[in-house]
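Novice: Below: one structure in structure tokens.
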Amino acid sequence: MTMPANSRLIGKPVQRKEGREKVTGSARYVDDIRFPEMLHGATFRSTVPRGKILGIRFGEGIPWNEFTIITAKDIPDKNCVALIIDDQPCLADGIVNHPEEAVVLLAHPDKYLLEEARRAVRIDIEPLPSIFTIEDSLAKKEIIWGEDNIFKSFLVEKGDADAAMATAEIIVEGEYETGAQEQLYIEPQGMIARASAAEGVTVWGSLQCPYYIHKALKGIFCLPPDRVRVVQTETGGGFGGKEEYPSMLAAHAALLALKSGKTVKMIYDRAEDMAATTKRHPSRTRHRTGVTRDGKLIAMDIDFTIDGGAYETLSPVVLSRGTIHAAGPYNCPNVRVRSRAVATNTPPHGAFRGFGAPQSVFALERHIDRVAEAVGITPEELRRRNFIHQGETLAVSQVVREKVNMEKLMARAFELSDYHAKRERFRSENAGSGAIKRGIGFAAFLHGAGFTGSGEEYLASEAAMEATPEGRVRVLAGSTEMGQGTNTIFTQIAAEALEIPAEQIEIVQPDTAHVPNSGPTVASRTTMIVGKLVESAAKSIRRSLIESGVLKAGYRAEEFAPACNRYIEKFGPLKSFAKYEQPKDLHWDDEKYQGDAYGAYGWAVYVAEVSVDMRTAEVRVEDFVAVQEVGTIINPVLAAGQVEGGVAQGIGLALYENIVWQQGRMINGQMTNYIMPTSMDVPPIRVWFEEVPYERGPAGAKGIGELPLDGTAPAIANAIAHATGIDIRKIPVTPEVLAEMMETVHA
Ligand code: MTE
Ligand code: MOS
């Protein structure tokens, strides 16, 4: 690794800021917080996937007069959870569109009686026809949303894919599918609310985006911004799953709080969390690729569809990212990507690390291996002949300005994994009669950091900083820590820029009453975008101190505190503020879906080695190498942790995590039957960072959070194909699925 020679804290494994509290158990998660006379809240949900509510009945034997009861008619203003468009009600009103839709809310001081009461609620529903698959939705078997079941569609065009396809010497087609996936953060969703007509609404909870909730609550309660307050409590993971659903839960808790006049706590248990909250969108991708006989890509025609569930929610942005990443890090002159998000009667699918990219990248990277096979060259040779370089254009016609070197990443990944030798050795060993076959495969991919297109300009994020007379520096931002390292990264960036020890930096708890809106903690944007604001805010504090004469450039760390003290005495508060400014050379055309989709990309090559037991159809990932270029590494331990965690989730996506649906409802919502990888299923993950400082990132850093999930599943699928000769088209490749495919191959 290369590091800026003079840096004190950048590139150093500074200890996780909140680490001690987390490991000693003193960190306070939402369920650890108690208020006097607090009520507990519970949710009664629909019993059918789609239907008309005819009536609600409250059964015998429950002292209903002790309960606070909320239905849609209690909602003071607009019954919707504001997000992109306002189609999702906060509580079902007259109609339900998925089997987990909330219909009645209950609150009571006694949790156990509350649960009995929830079971005593009955609704009379007249069922309506429902649909559960992408195919049925596209075929309009039933129109369940809008006029055509389509939430959103995109068309990306570069060159002329049809004309080029007509001249192609070889055309390779394929269809690929990915399943839904549950985020499985350690801490389930939870929220506490207090509300009154006089004071407005305050919520505390486990969440990623305080200002999303702020927006939703303002709408539901018809309140001015200063009467809604959202406070993030210690958050045990989000992975995209706490982007939108916390707005729903906050609204539910606040409705109960307003009506009861008491503080209300709502905590989902694992089963409710798995059943009712969002998951990764299932997807179907069709590829038609034209290549020359010597393996030059000349036309890519990609059709990408995701299942959005019953309401639009975040599907447009998940679809957008999946669409933009669908053609990968290749330089193909003619590309067309058509995509759409469709409605089905399942709970809305939502953000999950990667935002649609893991889905479309799985399809592409599996397909590219098949294209190589059709051409008769190795997967690496096909990629080498088509990799994008600086100055060339991606599918969205974005000219790549970064010094991307995919060949180098691939060479490094092959060296670390001993790819070539193993590829040969496994091939010959697999020809024998042994029951265990081995394979090695890889994927090459990119991931854009930050909001798409003009998204960052529109967000116009802000961060602030203030210094105390003791020389402590407080960072104020709405960006949340959810395990990925926000607190530590901000600390390192600020301390580095101020030339003071990390201990002097304090991260203010995200609370909309005290911190500016630095945008949502999503899209791997925190380090690169908000970190840059933190860096600018720190530099401006430093400048104030120096320009006012209380500190001299080249100061020693001990001189900082007395200087702050003197400054504050003489001039008053020492504060700074930074706001995002879109670089002038970034242009995005939202109509054509062309231009600079992202300010910067992470680039990567991942290699997976697997063994497949041909008797039981079980796959094990035996070794994994993850090579990436994500700019400068600010904290090597946290960065490696991001990659290891993302790869583990990718292993789950590829092999284990299978949601069993019945009438739109997840019926394996337990950790005993929804199988996720444990430490026993995760091989040693060897992480390598090729550091190329990104001039616009703080200390040269780009985003890393989501990238690791994109390439893991296709690398594994390609390795299984190498081991078994089976053409994997669908994940998760559970033993059941693989066994079935083995039979078809042998039949
Ligand atoms: N890592 C941990 N430990 N916990 C999380 O919840 N979320 C992921 C990723 N890594 C997550 C995580 C997701 S979905 C995103 S978008 C990024 O972190 C967000 O954080 P960043 O902006 O700091 O990268
Ligand atoms: Mo991440 S899916 O953008 O929260």
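The values are calculated or read from the model by the stated rules, or taken from the named source; none is laboratory data. All values reported here derive from a predicted model rather than from experimental measurement. All Cβ positions, even for glycine, are placed from backbone atoms using ideal geometry, and neighbour counts span all protein chains on display. We work out accessible area using only protein heavy atoms, side chains counted, and drop any ligands, DNA or RNA first. Shrake-Rupley method; radii C 1.70, N 1.55, O 1.52, S 1.80 Å.
Residues checked against (1) open to solvent by 10 Å² or more (accessible area, probe 1.4 Å); (2) more than 30 Å from Cys222 (Cβ to Cβ); (3) more than 27 Å from the chain's Cα centre (by Cα):
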position: Lys52; (1), (2), (3): yes, no, yes
position: Ile56; (1), (2), (3): yes, no, yes
position: Asn65; (1), (2), (3): yes, no, yes
position: Asp86; (1), (2), (3): yes, no, no
position: Cys90; (1), (2), (3): no, no, no
position: Ile95; (1), (2), (3): yes, no, yes
position: Glu100; (1), (2), (3): yes, no, no
position: Tyr112; (1), (2), (3): yes, yes, yes
position: Ala117; (1), (2), (3): no, no, yes
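Novice: If a residue must be over 16 Å from Val621 (Cα atoms) and part of a helix (DSSP H, G or I), how many such residues does the range 417-465 contain?
Specialist: 13
Novice: Let me ask another. Does at least one position in the range 385-399 carry a residue that is closer than 15 Å to Lys158 by Cβ, β-branched (Val, Ile, Thr) and part of a loop (DSSP other than H, G, I, E, B)?
Specialist: Yes, the range 385-399 contains a residue that is closer than 15 Å to Lys158 by Cβ, β-branched (Val, Ile, Thr) and part of a loop (DSSP other than H, G, I, E, B).
Novice: Tally up the residues in the range 263-290 that are out of contact with any strand residue (DSSP E or B) (no Cβ under 9 Å at 6 or more places or on another chain) and open to solvent by 10 Å² or more (accessible area, probe 1.4 Å), please.
Specialist: 3
Novice: Just checking, how many residues over the range 545-570 are assigned to a loop (DSSP other than H, G, I, E, B), touching a helix residue (DSSP H, G or I) at 6+ places or on another chain (Cβ under 6 Å) and closer than 17 Å to Glu470 by Cβ?
Specialist: Looking only at that region, the number is 2.
Novice: Still on this structure, I have one more. I want to confirm something. Restricting to the range 696-747 and keeping residues that are open to solvent by 40 Å² or more (accessible area, probe 1.4 Å) and among the hydrophobic types (A, V, I, L, M, F, W, C), which single residue is farthest from Gly531 (Cα to Cα)?
Specialist: Taking the range 696-747 and keeping what is open to solvent by 40 Å² or more (accessible area, probe 1.4 Å), we get 696, 725, 727, 729-730, 735-737, 740-741, 743-747.
If we keep only those that are among the hydrophobic types (A, V, I, L, M, F, W, C) too, we end up with 737, 741, 745, 747.
Numbers: Val737: 44, Met741: 47, Val745: 51, Ala747: 57 Å.
This residue is Ala747.
Novice: All but one of (1) hydrophobic (A, V, I, L, M, F, W, C); (2) more than 27 Å from Ile659 (Cβ to Cβ); (3) more than 22 Å from the chain's Cα centre (by Cα) hold for Met680, so report the exception by its number.
Specialist: (2)
Novice: Whether any residue in the range 145-167 is part of a loop (DSSP other than H, G, I, E, B), without any contact (Cβ under 8 Å) to a residue 24 or more places away in the chain and farther than 30 Å from Glu18 by Cβ is what I want to check.
Specialist: Narrowing the range 145-167 to residues part of a loop (DSSP other than H, G, I, E, B): 145-149, 159-160, 167.
If we keep only those that are without any contact (Cβ under 8 Å) to a residue 24 or more places away in the chain too, we end up with 147-148.
Keeping just the survivors that are farther than 30 Å from Glu18 by Cβ gives 147-148.
Taking every residue of the range 145-167 in turn, at least one turns out to be part of a loop (DSSP other than H, G, I, E, B), without any contact (Cβ under 8 Å) to a residue 24 or more places away in the chain and farther than 30 Å from Glu18 by Cβ.
Novice: Moving on to the next point. So Pro246 clears everything in (1) open to solvent by 10 Å² or more (accessible area, probe 1.4 Å); (2) within 16 Å of ligand 1 (Cβ to nearest atom); (3) farther than 21 Å from Pro708 by Cβ; (4) not aliphatic (A, V, I, L, M) except one condition, right? Which one?
Specialist: Exception for Pro246: condition (1).
Novice: Give me the residue from the range 646-674 that is open to solvent by 30 Å² or more (accessible area, probe 1.4 Å) and under 20 Å from the mean Cα position of the chain (by Cα) and, out of that set, nearest to Asp269 (Cα to Cα). Even if it seems obvious, please write down each step before you answer.
Specialist: Within the range 646-674, the subset open to solvent by 30 Å² or more (accessible area, probe 1.4 Å) is 656, 658, 660-663, 665, 667, 670-673.
Right, trim to under 20 Å from the mean Cα position of the chain (by Cα) and you get 656, 658.
Working: Tyr656: 22, Asn658: 20 Å.
Checked the range 646-674; the qualifying residue nearest to Asp269 (Cα to Cα) is Asn658.
Novice: Oh, and also: Within the range 250-262, restricting attention to residues that are open to solvent by less than 10 Å² (accessible area, probe 1.4 Å) and in contact with a helix residue (DSSP H, G or I) (Cβ under 9 Å, 6 or more places away or on another chain), which residue is nearest to ligand 2 (Cβ to nearest atom)? First the steps, then the outcome.
Specialist: We begin by selecting, within the range 250-262, every residue open to solvent by less than 10 Å² (accessible area, probe 1.4 Å); these are 250-257.
Retained after the next criterion (residues that are in contact with a helix residue (DSSP H, G or I) (Cβ under 9 Å, 6 or more places away or on another chain)): 250-251, 254-255.
Details: Ala250: 17, Ala251: 20, Ala254: 23, Leu255: 26 Å.
Taking the candidates together, the pick is Ala250.
Novice: So, one more: How do the pairs read when you match residues in the range 266-280 that are touching a residue at least 60 places away in the same chain (Cβ under 8 Å) with residues anywhere that are among the β-branched types (Val, Ile, Thr) and open to solvent by 50 Å² or more (accessible area, probe 1.4 Å), using Cβ under 9 Å and keeping only pairs 6 or more apart or on different chains?
Specialist: Ala275/Ile667
Novice: Right, here's the next one. With the requirement that a residue be part of a loop (DSSP other than H, G, I, E, B), more than 16 Å from ligand 1 (Cβ to nearest atom) and under 22 Å from the mean Cα position of the chain (by Cα), what does the range 340-384 give you? Before the answer, list the steps.
Specialist: Kept after step one, since they are part of a loop (DSSP other than H, G, I, E, B), are these residues of the range 340-384: 344-356, 376-378.
Going one step further and asking which of them are more than 16 Å from ligand 1 (Cβ to nearest atom), we end up with 344-348, 376-378.
Correct list: Thr344, Thr346, Pro347, Pro348.
Novice: Restricted to the range 496-544, and to residues that are among the hydroxyl-bearing types (Ser, Thr, Tyr) and not in a helix (DSSP H, G or I), which residue is farthest from ligand 2 (Cβ to nearest atom)?
Specialist: Going residue by residue through the range 496-544, those that are among the hydroxyl-bearing types (Ser, Thr, Tyr) are 512, 518, 521, 524, 526-527, 536, 540, 544.
Within this subset, residues satisfying the condition of being not in a helix (DSSP H, G or I) are 512, 518, 521, 524.
Working: Thr512: 19, Ser518: 15, Thr521: 7, Ser524: 7 Å.
The qualifying residue farthest from ligand 2 (Cβ to nearest atom) is Thr512.
Novice: Oh, and also: Within the range 170-212, work out how many residues are of a type in the set (A, V, I, L, M) and within 16 Å of ligand 2 (Cβ to nearest atom). Steps first, answer last, please.
Specialist: The initial filter retains those residues of the range 170-212 that are of a type in the set (A, V, I, L, M), namely 170-172, 180, 184, 186, 191-193, 195, 197-198, 201, 203, 207.
Now drop any that are not within 16 Å of ligand 2 (Cβ to nearest atom), which leaves 180, 184, 186, 207.
Residues in the range 170-212 being of a type in the set (A, V, I, L, M) and within 16 Å of ligand 2 (Cβ to nearest atom): 4 in total.
Novice: Of all residues in the range 709-726, count the ones that are under 12 Å from Met742 (Cα atoms) and touching a helix residue (DSSP H, G or I) at 6+ places or on another chain (Cβ under 6 Å).
Specialist: 1
Novice: Does any residue in the range 711-731 that is without any contact (Cβ under 8 Å) to a residue 60 or more places away in the chain come within less than 9 Å, Cβ to Cβ, of a residue that is part of a helix (DSSP H, G or I) and open to solvent by 20 Å² or more (accessible area, probe 1.4 Å) six or more places away or on a different chain, and which pairs are these?
Specialist: Qualifying pairs under 9 Å: Gly725/Asn430; Gly725/Val745; Ile726/Met741; Ile726/Thr744; Ile726/Val745.
Novice: So, of the residues in the range 222-242 that are part of a loop (DSSP other than H, G, I, E, B) and open to solvent by 10 Å² or more (accessible area, probe 1.4 Å), which turns out to be farthest from ligand 1 (Cβ to nearest atom)? So that I can check it myself, show each step before the final result.
Specialist: Just the residues of the range 222-242 that are part of a loop (DSSP other than H, G, I, E, B), to begin with: 222-224, 233, 235-242.
From what's left, open to solvent by 10 Å² or more (accessible area, probe 1.4 Å): 222-224, 236, 239.
Working: Cys222: 31, Leu223: 29, Pro224: 29, Gly236: 9, Phe239: 4 Å.
Filtering the range 222-242 for residues that are part of a loop (DSSP other than H, G, I, E, B) and open to solvent by 10 Å² or more (accessible area, probe 1.4 Å), the one farthest from ligand 1 (Cβ to nearest atom) comes out as Cys222.
Novice: Output the residues belonging to the range 640-652 that are out of contact with any strand residue (DSSP E or B) (no Cβ under 6 Å at 6 or more places or on another chain) and more than 10 Å from ligand 1 (Cβ to nearest atom).
Specialist: First, the residues of the range 640-652 that are out of contact with any strand residue (DSSP E or B) (no Cβ under 6 Å at 6 or more places or on another chain): 641-642, 645-646, 648-650, 652.
Across the range 640-652, the qualifying residues are Ala648, Gly650, Gly652.
Novice: Next up: Please indicate, with yes or no, whether at least one residue in the range 169-184 is surrounded by fewer than 22 Cβ atoms within 10 Å (Cβ to Cβ) and hydroxyl-bearing (Ser, Thr, Tyr).
Specialist: no
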